[in-house]
Amino acid sequence: MTRILVADKLASEGIEKLRSAAGVEVEVRTGLSPSELGGIVGEFDGMIIRSAVKVTADALAKTGRLRAIARAGVGVDNIDLQAATGAGVLVMNTPDANTISTAEHTMALLLALMRKIPAAHTHVLSGEWKRASFVGSQLASRTLGIVGLGRVGRAVARRALAFDMRVLGFDPFISGDTIFDGAVKVVRDVEELFKEADCLTLHAKVTDETRNLINRDAIALMKPTTVLVNCARGELVDQQALADALNEGKLAGAAIDVFPEEPPVGNPLLSAANVTLTPHLGASTAEAQAAVSLEAVDTLLDYLVRGEMRSAVNVVGLPAHFSAYDRSFLDLACRMGGILAPWCASGVRRIRLATYGSDLRKLTSTLSRQVIADILAPHIGARLNLVNADTVAKERGLEVDAVAHENALDYPDTVSVTVESGEGERSVEGTVFADGKPRILAIDGYRMEMTPEKRLVLIYNDDRPGVIGLVGKLFGDHGINIADMTLSRRERKALMVLKLDEEADESLLRSLREADEILDVRTILLPALHVEP
Ligand code: 3PG
């Protein structure tokens, strides 16, 4: 059973989809504090959230069975991404589903400001009719300055162009001088936008560069007739500086949908002049909420049930979708890691992975993450997977090289992995045959064609007569059946790989190790083979 926690208000469309999914159990628990969330989150495989619940490092201290968080919306600033990545929890969002709603709310606020609608409404309710006090301004021919030309910024630009506005944009990640066939000019210096804009709207993420972007210095560059709209994130604006500017007439008005603390208790904007406030409603339309809830459910279940990743926020460089070919090589990598892991108990200095064959090129870094996870996992007592393998390797100072070679070796696509550990250098080479099954082609340079599964014993010995008989007798004496055996030799040494039906007990392993001819003995446990139809 896949258990999903819905920890924020989610549209009924998404909840119904979860409830009707086979093998899925849903629990809706909203209004949880980080510590309450931390107390239960480990009981679920996946969680769906919006912006209200705070997924802090404390809330993720005991992730238990949690593997993924889906944000029904865009912003993930309420999730401690570092903690999620460290715990191997994938975070995904729905990057586009609420774009139009947010752009429309921006336009609504802009029009409300320019035509003084909230104040006019209050005025009429109070029984007055002083129309001259509410003379507004047209949008047409005014200059709109857009900070951030991502999805929402561009959607706002299109709408503003339809209102015959002159549109300028600032976005350091856009290289051209214009967008939309020259209709929107991209300025290189945000200060130019502050100086020129009659209306300024923010559509940027909060980063170290953008936090408090609208501060006293920025406001000092603006015209006293400028109005500001913020439907992105509260942290982009110095709240006190904006409130002071509005009260002192240094800005004509502001419409604010988002706040650093929500709800904005004690925020100076609550009592500022010429301000219109809404409670983070950018994405709050029936259409956007249905869309984000359905997309979050699909994204989460695709990952949990089928291993497909979409819109991942805390991992980069992973393919969005794993084909049967990709999955067969990931399975191979996991088995290769499992074969190398017994030599890494005293620490790993370096892991080198190389792929040979052009089809494997796009998978090379993913395979390296998989190998890291399977080599380290038995030794570090933490869950490791494709999400956190790189981070954990980096934290531990592990050197990782992943190299893709276009040329094929003896087989069309092969993977080779070498580890340098406290026990020297070890290597393994493998491929996937046309039957979809993994094959190990070499261990430490000993060539073979071995299907890696279940219980293996690797016996390194001197290549002399009688060793096979000795090994067979010891196993017979201990009543352990050898299901399969692979032999390989080079430079007067040999490697036997035995497959066992049952576990070799300690006394058998001791007897093997005590034999003069036997140089090393390692046991390995790999998963049973699962070949996709
Ligand atoms: C977002 O980041 O998607 C918007 O800010 C909407 O947030 P919400 O899902 O809490 O309405």
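All of the numbers you see were taken from the coordinates with simple rules; none came from a lab. On a predicted model such as this, the values are computed, not experimentally measured, just so you know. Backbone-built Cβ (ideal geometry, glycine too); neighbour counts: all protein chains shown.
Using only Cα atoms, what Kirkwood radius does segment 25-134 have, in angstroms? Walk me through the intermediate numbers first.
Numbers: mean 1/r = 0.0595 Å⁻¹.
Over segment 25-134, the inverse of the mean reciprocal pair distance is 16.8 Å.
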ask   = For the chain, with the dipole built from +1 on Lys and Arg beta-carbon atoms and -1 on Asp and Glu ones, taken about the Cα centre, which of 201, 212, 31 lies farthest toward the positive end?
value = 201
key: Options 252, 187, 300, ranked by Cα towards positive dipole end of segment 164-300, top entry (Cβ charges)   = 252
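Under a Cβ-only charge scheme (Lys and Arg +1, Asp and Glu -1), can you give me the dipole magnitude of segment 99-277 about the Cα centre, in debye to the nearest 20?
On the way: 19 positive and 21 negative charges, 127 e Å.
The calculation lands at about 620 debye.
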remark   = Here FRET efficiency (C-beta to C-beta, residue 58 to residue 462, R₀ 41 Å, nearest 0.05) is 0.15
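Helix-derived [θ] at 222 nm for the chain: sum -39500 (n - 2.57) over DSSP H runs of at least 4, divide by residue count, nearest 500? Walk me through the intermediate numbers first.
On the way: 15 runs with 163 residues, N = 533.
It comes out at -9000 deg cm²/dmol, rounded to the nearest 500.
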key: trypsin sites (Lys or Arg not before Pro) within segment 142-197: DSSP coil, no more than 14 neighbouring Cβ in 10 Å   = 188
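How charged is the neighbourhood of residue 526? Take every other residue with its Cβ under 9 Å from the Cβ of residue 526, and add Lys/Arg as +1 and Asp/Glu as -1.
On the way: positive: 335, 454, 455; negative: 453.
The answer is +2.
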ask   = If you wrap a convex hull around the C-alpha atoms of the chain and split its volume per residue, what is the figure in Å³?
value = 184 Å³
request  = Lys and Arg at +1, Asp and Glu at -1: add these up for the other residues within a Cβ distance under 13 Å of residue 210 and post the number.
outcome  = -3
key: Surrounding net charge for residue 30, when Lys and Arg each add one and Asp and Glu each subtract one, Cβ distance under 12 Å   = 0
message = With unit charges on the beta carbons (Lys and Arg positive, Asp and Glu negative) and the dipole taken about the Cα centre of the chain, which residue among 78, 344, 312 sits farthest to the positive side?
response = 78
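Helix by helix through the chain, keep the DSSP H runs that span 27 Å or more along the axis on Cα and average at least -0.5 on Kyte-Doolittle, and give those back in order.
Working: long enough: 286-306 (29 Å, 0.57).
Those that pass (Cα extent of 27 Å or more, hydropathy at least -0.5) are 286-306.
Once you have the Cα-Cα distance between residue 411 and residue 128, take 0.36 nm times their residue separation minus that, and quote the gain in nm to one decimal. Before the final figure, lay out the partial values.
Working: separation 283, 0.36 × 283 = 101.88 nm, distance 8.59 nm.
Full-extension gain reported as 93.3 nm.
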Residues 231, 334, sorted so that the one with the fewest Cβ neighbours within 10 Å comes first = 334, 231
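How big is D, in µm² s⁻¹, for segment 315-451 by Stokes-Einstein at 10 °C and 1.306 mPa s if Rh is the Kirkwood radius over C-alpha pairs?
Values: Rh = 14.7 Å.
The estimated diffusion coefficient comes to 108 µm²/s.
Quick one: divide the alpha-carbon radius of gyration of segment 453-528 by 2.2 N^0.38 Å and tell me what you get. Can you show the working numbers first?
Details: Rg = 11.6 Å, N = 76, 2.2 N^0.38 = 11.4 Å.
So the Cα radius of gyration is 1.02 times the expected 2.2 N^0.38 Å.
Report the relative contact order of segment 453-528, percent, no decimals, based on alpha-carbon pairs under 8 angstrom and at least 6 residues apart. Present the calculation step by step, with values, prior to reporting the outcome.
On the way: 132 pairs, mean separation 38.5, N = 76.
It comes to 51 percent, rounded to a whole number.
Hand me the chymotrypsin sites (Phe, Trp or Tyr not before Pro) from segment 171-237 located in a DSSP loop with no more than 11 other Cβ atoms within 10 Å, in residue order please.
173
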inquiry  = Antiparallel versus total DSSP beta bridges in the chain: what percent is that, nearest 5?
reply    = 50 percent
query = Between segment 1-69 and segment 235-282, how many Å separate their Cα centres?
reply = 32 Å
message = What is the distance in Å between the Cα centroid of segment 107-162 and that of segment 438-489?
response = 78 Å
task = Could you size up the charge dipole of the chain around its Cα centre, putting +1 on the beta carbon of Lys and Arg and -1 on that of Asp and Glu, and report it in debye to the nearest 20?
result = 1100 debye
